[in-house]
Amino acid sequence: MVCGSSWNSRMDAAVCNPFLGTSSSRCYVSSRPCVCPDLRGSSMRLSSEFFKVEIGRSERSLFQSSGKKPSPIIALASQTSVSDPFSTSSKNNYSDSSKKSNEAALILIRHGESLWNEKNLFTGSVDVPLTKKGVEEAIEAGKRISNIPVDMIYTSSLIRAQMTAMLAMTQHRQRKVPIILHDENERARTWSRIYSEETKKQSIPVITDWQLNERMYGELQGLNKQETAERYGKEQVHEWRRSYDIPPPNGESLEMCAQRAVMYFRNEIEPQLFAGKNVMIAAHGNSLRSIIMCLDKLTSQEVISLELSTGIPLLYIFKEGRYVRRGSPVGPTEAGVYAYTRTLAQYRQNLDEMSY
């Protein structure tokens, strides 16, 4: 089961995203449209000095609800599982995690307020940092998730998302250090190499990728939102901003953004959840809405009305191939955190005992 639901074999014609240069297929989940990539027969490999993933998945296992088990995933990392927050897992796969009924946490955080949010400008893919308020929002988000295990972090390639992830982790009680992996070329890999095994164990890999970037707003980027509405009309600007499949001039629609964001989630992030890894994603309003559309099986009409506040974490529990939304964790000092499961409560108790 992928993205919280089973796959139907009904497929439309390929939809081409000019910003990706690749084609994807539109599939239907429980009779509701969900943009999902065409990954049939694909195989991917991502590696770094202290993180390696090998993915190989068959066409049948991706696009049909069959009884066959997907091809194995190997995840090697200095990471932890929810059940034992300080143990190191060296090998996991779909079948193993299914047998153990591993529970994994998935945390989604929209970046804190940016300088262009403050100025009411269309930001999109322009790389703008956080405001002072945005920094405070990121720190507050970190306090809310300080008792929830984090083994891996994924962010977009934009600084506001990366700042949010890093600032949030300064508040985590596990005290592990988030380290951005540089795998662009051999020099980047060599120069960023860590030579201490103990230091690796106390680190959390941070993987950045443009596919988690904010929707590209084309010729609207840098324009004032109010002035743009006065120039083109409120209805036209609302259509560009809030419709599902209508892009702004030379920009991306939400549908096009969803093609790349959901593809990346399924191909890179979801295998880690199957392997029992606890994942945090720090990204943007539209890339996160795209992922939530898949997790919650929202229609294209439902997702356009979904609002995500800056700096507010959202917690999902992944267990037995299903995603269950647990809401937003409240302040770390409050005892009755409704978002907690029994396993997460045990994790927090372990942290409490280690602090004495």
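Once you put a point 7 Å from the Cα of D245 and another 7 Å from the Cα of V324, both along the Cβ direction, what distance in nm separates them?
3.5
Using 0.36 nm per residue, how much length does the chain from Q226 to I139 gain when fully extended, once their Cα-Cα distance is taken away?
Full-extension gain reported as 28.3 nm.
Taking amide H positions as placed 1.01 Å from N in the peptide plane, with prolines and chain starts having none, which residues 5 or more places from I312, or on another chain, fall under 5 Å of its amide H?
R110
If Lys and Arg each add +1 and Asp and Glu each add -1, what is the summed charge of the other residues whose beta carbon sits under 10 Å from the beta carbon of S253?
Every neighbour counted, the sum reads -2.
Between E184 and Q349, what is the FRET efficiency for a Förster distance of 51 Å, r being their Cβ-Cβ separation, to the nearest 0.05?
0.80
Rounded to the nearest 5, what is the percent of antiparallel bridges among the DSSP beta bridges in segment 102-354?
For segment 102-354, the DSSP antiparallel bridge percentage is about 45.
In the calculated pair distance distribution of segment 102-354, what percentage of Cα-Cα distances lie above 34 Å?
18
Hey, what do the phi angles of segment 255-272 turn into as Karplus ³J(HN,Hα) couplings, whole Hz, using 6.51/-1.76/1.60 and θ = phi - 60°, x for Gly and Pro?
Each residue of segment 255-272 in turn: 4, 5, 4, 5, 4, 6, 5, 5, 4, 5, 4, 5, 7, 10, 8, 4, x, 5 Hz.
List the residues, sorted by chain then number, that are 5 or more residues from R215 or on another chain and whose placed amide H is less than 5 Å from its amide H.
N286, S287
Report the local net charge at R215: Lys and Arg +1, Asp and Glu -1, summed over other residues whose C-beta lies under 12 Å from its C-beta.
Result for the local shell: +1.
Each value in this text was obtained by applying a stated rule to the coordinates, not by laboratory testing. Given the structure is predicted, the values throughout are model-derived calculations rather than measurements. All Cβ positions, glycine included, derive from the backbone under ideal geometry; neighbour counts span all protein chains shown.
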